[in-house]
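Below is one structure, written out as structure tokens; the observations come after it.
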Amino acid sequence: MSATHYDAAIIGAGMSGLAAAVRLSMYGRKVLVLERHNAPGGLNSFYARGRRKYDVGLHALTNWVPEGVKGAPLVKLMRQLRIRREELDLCPQLGSRVTMGGVSLRINNDFARLTEDVAAAFPGDADGFRRLDAWIAALDEASLQAHGGSARELLARHVSSPLLRDLLLIPTCYYGSALEDDIEVSQFAIMWRSLFHEGFARPFEGVRRVIRLLTDRCREHGVDRRMKCGVRRIEVRQGRAAALLLDDGSEVTADAVYSSAGAVETMRLRSDLPPDAGAAEAGRLGYAETIATYGEEAFAGFGWNDTIVFFCDAERFSYRSPAELVDPSSGVICIPNNYDYGPGRRLEEGWLRVTALASHDAWCALPEEAYVARKADWFGRLNRVARRHLPAVTDATHDGALVSTDMFTPRTVRKFTGHVGGAIYGSTVKRRDGRTDLPNLFLIGTDQGFLGVTGAMLSGISMANLHGLKA
Ligand SMILES: Cc1cc2nc3c(=O)[nH]c(=O)nc-3n(C[C@H](O)[C@H](O)[C@H](O)COP(=O)(O)OP(=O)(O)OC[C@H]3O[C@@H](n4cnc5c(N)ncnc54)[C@H](O)[C@@H]3O)c2cc1C
């Protein structure tokens, strides 16, 4: 066997790829991780501008549960990766909400508060809401066989108010749906549990803490990790993924290949499929996000105490790729300062992140100069939309406190992760068992179907267990 032969080769050093690598290597497998980018973390990475370190996207780690709760996904994840709770340094949120049509529902790591708010604002739907919750509780949402079907239809069976249905769809779609205007039932159930029953937390250091724990574990278990080393082609011979051709022209072989590049993206790497394979399955949902930082003292005076605000200003919630560059009618506001970091710990600046639906094709059609100019326009517009949902601050006070701004678009996501169409949640078709038509090529991460940071790590773990350790 050549020195470049591995038990497992993993495409991508995002959350799913690193978690799969930890799991496989822990049991003695010889593992190689190949990453095209120069930084690990994938969609949830970080970058520096001067002294300031930006998380690429982290709003919250979902599935937070208090210490001592057994059997929760986050607890299983930590056990499987042998990460201790204190190492993750998870700090619970101060309080989030979803707001639309003059109604706000609390999402604050306590399902009882959400139930109370639903009963107060929608008394006629209180029983239906409880029945829906019981129906979801009976579903094995993390099964490798997805339930299938439309969450909108499920909601319509239990909840009569269209406004309440939208209020429940806004957070679940934004944090986990690859489908336009809907969310698949098992995925809805996963989000229901991870956002409403469990909740949000953040490591004080942000996503860097999670990435460092994973890369440290990889190192401890002897994983070979090659950065700036993309996979150019998966050579398919005799019905197997026989070798990986790398960007530098070299080749490696492995008994099994796990790809977190995405289902369509992985098809397009294969030597036996055309370069436009899988077009019908490509996802279309892209996000733009603005990031503003403020002087800490001035920011403290703003009174912006929410952790996350999901909002919709339109009459009906639309979750579609917009015809324009950005659809500002709904979105997510995140203020990372508003986690309970404990005594003596606070972020050095005030942070405001605003996320909204954005069109990949429209942003990519812009010439460079126009791209930069439209980003600046949309920064201002989204920032103003978000501020309407927060305690009022005059423009002069706001602008005087503003220290830095940044913004990403679906074009940025495509550039740094290779996701076709800059699609945040990947393909519209998920493959829960990770299998492809090749017996030694498996999908992990976004297109296996467990989304988000916690989901992606669980995906890497469960696919490594299923195909690498139990097989
Ligand atoms: C702006 C934003 C905000 C988000 N906020 C949150 C949040 O607050 N909470 C949360 O839970 N989730 C959040 N998410 C979602 C979460 O980041 C993702 O669901 C998760 O990180 C996906 O991990 P993954 O491993 O499946 O894929 P990815 O992160 O996409 O990783 C795939 C990796 O594969 C690499 N790759 C692709 N092709 C190749 C190739 N040919 N060769 C080598 N390497 C390749 C890519 O460079 C990438 O590093 C957010 C996402 C975004 C974009």
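No lab work stands behind these numbers, since they all come straight from the coordinates. All figures in this text were calculated on a predicted structure; none of them were measured in a lab. Virtual Cβ from ideal backbone geometry, glycine too; neighbours counted across all protein chains shown.
Here LEU285 qualifies as within 22 Å of the chain's Cα centre (by Cα), surrounded by 15 or more Cβ atoms within 10 Å (Cβ to Cβ) and among the hydrophobic types (A, V, I, L, M, F, W, C). Considering region 42-64, and only residues there that are more than 25 Å from VAL309 (Cβ to Cβ) and either among the small types (Gly, Ala, Ser) or within 11 Å of the ligand (Cβ to nearest atom) (or both), the residue that is surrounded by the fewest Cβ atoms within 10 Å (Cβ to Cβ) turns out to be GLY50.
One residue alone among THR405, THR417 is touching a strand residue (DSSP E or B) at 6+ places or on another chain (Cβ under 7 Å) and either more than 16 Å from the ligand (Cβ to nearest atom) or touching a residue at least 60 places away in the same chain (Cβ under 8 Å) (or both), and that residue is THR405.
Only residues that are more than 16 Å from TYR174 (Cβ to Cβ) and in a loop (DSSP other than H, G, I, E, B) were counted in region 294-334, giving 10. For region 335-344, the candidate set comprises residues that are assigned to a loop (DSSP other than H, G, I, E, B) and touching a residue at least 12 places away in the same chain (Cβ under 8 Å); within that set, the residue that is farthest from ALA288 (Cα to Cα) is GLY342. Of the listed requirements (1) away from the ligand (no atom under 15 Å from the Cβ); (2) crowded, with 21+ Cβ neighbours inside 10 Å, VAL31 misses just one: (1). Tally the residues that are more than 9 Å from the ligand (Cβ to nearest atom) and not β-branched (Val, Ile, Thr), restricting the search to region 251-267. The total comes to 7. Among the residues making up region 70-93, a single one is surrounded by fewer than 17 Cβ atoms within 10 Å (Cβ to Cβ) and touching an Asp or Glu at 6+ places or on another chain (Cβ under 9 Å): ARG85. Checking each residue in region 18-56 for being free of Cβ contacts under 8 Å to residues at least 24 places away in the same chain and closer than 21 Å to VAL413 by Cβ picks out TYR47, ALA48.
Among the listed residues ALA243, ALA201, ALA263, identify the single one that is crowded, with 20+ Cβ neighbours inside 10 Å and either touching a Phe, Trp or Tyr at 6+ places or on another chain (Cβ under 9 Å) or under 30 Å from ALA112 (Cβ atoms) (or both). Selected residue: ALA201, the only one of ALA243, ALA201, ALA263 that is crowded, with 20+ Cβ neighbours inside 10 Å and either touching a Phe, Trp or Tyr at 6+ places or on another chain (Cβ under 9 Å) or under 30 Å from ALA112 (Cβ atoms) (or both). Entry remark, region 232-250: residues being away from the ligand (no atom under 14 Å from the Cβ) and touching a residue at least 60 places away in the same chain (Cβ under 8 Å) number 3 in total.
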